[in-house]
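Below: one structure in structure tokens.
The values are calculated or read from the model by the stated rules, or taken from the named source; none is laboratory data. Since this is a predicted model, take the numbers as computed values, not measurements. As a convention, Cβ positions derive from the backbone with ideal geometry for all residues, glycine included, and neighbour counts pool all protein chains shown. Just so you know, the surface numbers come from the protein's heavy atoms only, side chains and all, with ligands and any DNA or RNA stripped out. Shrake-Rupley method; radii C 1.70, N 1.55, O 1.52, S 1.80 Å.
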Amino acid sequence: MATQHSPLLAAENGDGQDPAVAGQAYFDQIIEDDSRVEPRDWMPDAYRKTLIRQISQHAHSEIIGMQPEGNWISRAPSLKRKAILMAKVQDEAGHGLYLYSAAETLGTPREVLNDQLLAGKARYSSIFNYPARSWADMGAIGWLVDGAAICNQVPLCRASYGPYARAMVRVCKEESFHQRQGFEILLELANGTPAQKQMAQEAINGMYAPALMMFGPPDSDSAHSSQSMAWNIKRFSNDELRQRFVGMIAEQVKVLGLTLPDDDIRFNKDTGKWEYGELDWQEFNEVLAGRGPCNAQRMERRREAHENGAWVREAAAAFAAKRAQKEQVA
Ligand code: FAQ
């Protein structure tokens, strides 16, 4: 991939320095200063590749992540709930588009990333391979899944790559609203009939462990964490963020009058860390390998949606071509 160089580089002023050496020094300084790398700056190929990987996986997650909730728009229990859920699902689409744009600034067009997703060659978050079986799952997704997303993404607002960090600021603001609406759904159900309360508890039971797995494998198995942290892309390790999240929801679940399905959660005063029960990493690996409860269905729906949208892409391209022709004549 072609590399670019900051206009600030001495090499560009023709002082005879090797551009790659000067570029690396410039990049190292940005990282050391905890400053921002911008699209036209020189960056190591491995840094670029890591960002394209993470940002595109994130974008795909937002797009595939519309499905579990999208399925419930027509079944929302009131007009108000329907309007809120529609707005939330649309927000997720917007997040996907910001993120594809951020990835494009690194030189990979959105069509390429989309083709990788449709070909089954790209990852998206494991959480979206679990079913949403009841209305209470809309609450659990908002509270736990958006909650985990915020916990993971607030530190990404300080990621070293400018376009990604800036996209995260807006995304996190919207995710905060999503989390609140999910919590509020659960709160209402928890204070409703015994059957509604039970439905809320079951939704939490089902979503809890998959939400914790959103933070990625344990640090000991995380291939990318240490390098991503050295580059100031990730600010905390997977386990650090997971622990932080458990601490947050352990308090919030008390307000709901419900419980988390893990008897081992406790704050260890000696270590100053949250402890929780062992997660089933075998299950996580199965989901990543494409064998989760809904992997096949999610991909099938995504491909269908892409095919059904062909006429929109064709119409947009025809419109753009016609306008360009008109401008040429004028
Ligand atoms: N699912 O070395 P690490 C949302 C993969 S957005 C699937 O630890 P890294 C909003 C990982 O890619 C949710 N794959 O990797 C919403 C790597 O595979 P590779 C998405 C996973 O990148 C709410 C391998 O395992 N958020 O929810 C998962 O340093 C409601 C080794 O792992 C983001 O993407 C997983 N859970 O750390 C939308 C946030 N975990 O590439 C709709 C940005 C790991 O070598 C409704 N991403 N893998 O083949 C990140 O912060 C990081 O990429 C991590 C993983 C923390 C996810």
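For residues in the range 226-240 being free of Cβ contacts under 8 Å to residues at least 24 places away in the same chain and closer than 17 Å to V154 by Cβ, which is nearest to the ligand (Cβ to nearest atom)?
N238
Scan the range 39-94 for residues that are assigned to a loop (DSSP other than H, G, I, E, B) and out of contact with any Phe, Trp or Tyr (no Cβ under 8 Å at 6 or more places or on another chain) and report the count. Reasoning before the result, please.
Step one: filter the range 39-94 for residues assigned to a loop (DSSP other than H, G, I, E, B), giving 39-44, 65, 71-72, 76-78.
Checking which are out of contact with any Phe, Trp or Tyr (no Cβ under 8 Å at 6 or more places or on another chain) leaves us with 39-40, 71, 78.
Count: 4.
Restricting to the range 186-216, count the residues that are open to solvent by 40 Å² or more (accessible area, probe 1.4 Å) and within 11 Å of the ligand (Cβ to nearest atom). Give the steps one after another, and end with the answer.
Just the residues of the range 186-216 that are open to solvent by 40 Å² or more (accessible area, probe 1.4 Å), to begin with: 187-188, 191, 193-199, 202, 205-206, 214.
Of the ones still in play, those that are also within 11 Å of the ligand (Cβ to nearest atom) are 214.
Residues meeting the conditions: 1.
While we're looking at this one, here's another question. What is the number of the single condition among (1) within 16 Å of the ligand (Cβ to nearest atom); (2) open to solvent by less than 80 Å² (accessible area, probe 1.4 Å); (3) over 20 Å from the mean Cα position of the chain (by Cα) that Q282 does not meet?
If we test Q282 against (1) within 16 Å of the ligand (Cβ to nearest atom); (2) open to solvent by less than 80 Å² (accessible area, probe 1.4 Å); (3) over 20 Å from the mean Cα position of the chain (by Cα), just (2) comes out false.
Give the residues of the range 161-197 that are outside any helix (DSSP H, G or I) and either more than 17 Å from the chain's Cα centre (by Cα) or at pLDDT below 95 (or both), sorted by residue number.
Taking the range 161-197 first, the residues outside any helix (DSSP H, G or I) are 161, 191-193.
The answer is N191, G192, T193.
Mind listing whichever residues of the range 57-70 are more than 8 Å from the ligand (Cβ to nearest atom) and either modelled with pLDDT under 95 or within 10 Å of the chain's Cα centre (by Cα) (or both)?
A59, H60, I63
A further question follows. For residues that are over 18 Å from S226 (Cα atoms) and open to solvent by 50 Å² or more (accessible area, probe 1.4 Å), scanning just the range 27-56, find the one that is nearest to the ligand (Cβ to nearest atom).
Selected residue: R36.
Just checking, which of V246, V255 is surrounded by 15 or more Cβ atoms within 10 Å (Cβ to Cβ) and in a helix (DSSP H, G or I)? Before the answer, list the steps.
Numbers: V255 fails: surrounded by 15 or more Cβ atoms within 10 Å (Cβ to Cβ).
Only one candidate qualifies: V246.
So, in the range 137-185, how many residues would count as being small (G, A, S), open to solvent by 10 Å² or more (accessible area, probe 1.4 Å) and without any contact (Cβ under 8 Å) to a residue 60 or more places away in the chain?
Going through the range 137-185 one residue at a time, the tally reaches 1.
Restricting the search to the range 130-148, which residues are part of a helix (DSSP H, G or I) and not β-branched (V, I, T)?
W135, A136, D137, M138, G139, A140, G142, W143, L144, D146, G147, A148
Next question. May I ask you to list the residues in the range 286-307 that are part of a helix (DSSP H, G or I), open to solvent by less than 40 Å² (accessible area, probe 1.4 Å) and within 13 Å of the ligand (Cβ to nearest atom)? Outline the logic, then answer.
Within the range 286-307, the first condition is being part of a helix (DSSP H, G or I), and the residues that meet it are 286-288, 295-307.
Going one step further and asking which of them are open to solvent by less than 40 Å² (accessible area, probe 1.4 Å), we end up with 287, 295, 298-299.
V287, N295, R298 - these are the residues of the range 286-307 that are part of a helix (DSSP H, G or I), open to solvent by less than 40 Å² (accessible area, probe 1.4 Å) and within 13 Å of the ligand (Cβ to nearest atom).
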